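Following: one structure in structure tokens, then a few remarks.
The values are calculated or read from the model by the stated rules, or taken from the named source; none is laboratory data. Please read these numbers as outputs of a predicted model, since none were measured by experiment. In this analysis, Cβ positions are derived from the backbone assuming ideal geometry, glycine residues included, and neighbour counts consider all displayed protein chains. Areas reflect the complete protein model, heavy atoms only, side chains present, ligands, DNA and RNA absent. Shrake-Rupley method; radii C 1.70, N 1.55, O 1.52, S 1.80 Å.
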Amino acid sequence: MATQQTFSIIKPDATRRNLTGAVNQKFEENGLRIVAQKRIQMTREQAEGFYAVHKERPFFGELVDFMISEPVVVQVLEGENAVLKNREIMGATNPEEADAGTIRKEFALSIGENSVHGSDSEENAAIEIAYFFNKDELVG
Ligand code: GDP
């Protein structure tokens, strides 16, 4: 499997509790390299656009309110099979269903406040990276 890039967000429940470093340690110790990273305050428009695929879901409003409630850290992670590997490191959406040792098992508060976002496919990773980063911000 070739080297891939995936998009990640450290969500407000984690930045609020000063867990940015602890989350990043999970990526790095599992072989993913942080090749771009910035802490931002998402606007409502940005969050609604990013999660547009979920706009008919009952939790959409709650999700957008949460994502703009505090700063987030947007990131590009690189490594072998990075999209799938990151999903494994993150764990299941609902922390109660997440495997031991995963970010969501160790840090998430609930199915909504679940500490991290990670792309679900290589195609979406490219779209999501371009949504938050210019090419010259990816420095390897
Ligand atoms: P992910 O790919 O594992 O992040 O999961 P999804 O794409 O299914 O959902 C996107 C995000 O929406 C999740 O990470 C949660 O933050 C949020 N979410 C999903 N399901 C629920 C829910 O039932 N209630 C709430 N409040 N948020 C949810």
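Can you tell me the length gained on complete extension of the stretch GLU122 to GLU70, counting 0.36 nm per residue apart and subtracting the Cα distance?
Numbers: separation 52, 0.36 × 52 = 18.72 nm, distance 2.77 nm.
Working it through step by step, the gained length comes to 16.0 nm.
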Item to check | DSSP-loop trypsin sites (Lys or Arg not before Pro) across segment 21-84, with at most 15 other Cβ within 10 angstrom | outcome: LYS55
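Please give the length that would be gained between PHE60 and ALA130 if that part of the chain were fully extended, namely 0.36 nm times their separation in residues minus their C-alpha to C-alpha distance (nm, one decimal). Before the final figure, lay out the partial values.
Numbers: separation 70, 0.36 × 70 = 25.20 nm, distance 2.22 nm.
The PHE60-ALA130 span can extend by a further 23.0 nm.
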Next on the checklist: Give me the percent of accessible area attributable to carbon and sulfur for the chain, probe 1.4 angstrom.
Outcome noted: 47
Next on the checklist: Could you report the chain's accessible area per residue, 1.4 Å probe, as an integer in Å²?
Outcome noted: 53
Checklist outcome for this item: Accessible-area order for GLU123, GLU106, largest to smallest, probe 1.4 angstrom, reads GLU123, GLU106
Checklist entry - Which of the lysines could a cross-linker bridge to LYS26, judged by Cα under 17 Å and excluding same-chain residues fewer than eight apart? => result LYS11, LYS85, LYS105
Checklist entry - Out of ALA100, ALA82, ALA14, any idea which swings most in a Gaussian network model of the chain, alpha carbons joined below 10 Å? => result ALA100
Item to check | Approximate spin-label separation ASN30-GLU106, in nm, with each point projected 7 Å along Cα-to-Cβ | outcome: 1.0
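Please give the length that would be gained between ASP99 and GLU137 if that part of the chain were fully extended, namely 0.36 nm times their separation in residues minus their C-alpha to C-alpha distance (nm, one decimal).
Details: separation 38, 0.36 × 38 = 13.68 nm, distance 3.30 nm.
10.4 nm is the gain from fully extending ASP99 to GLU137.
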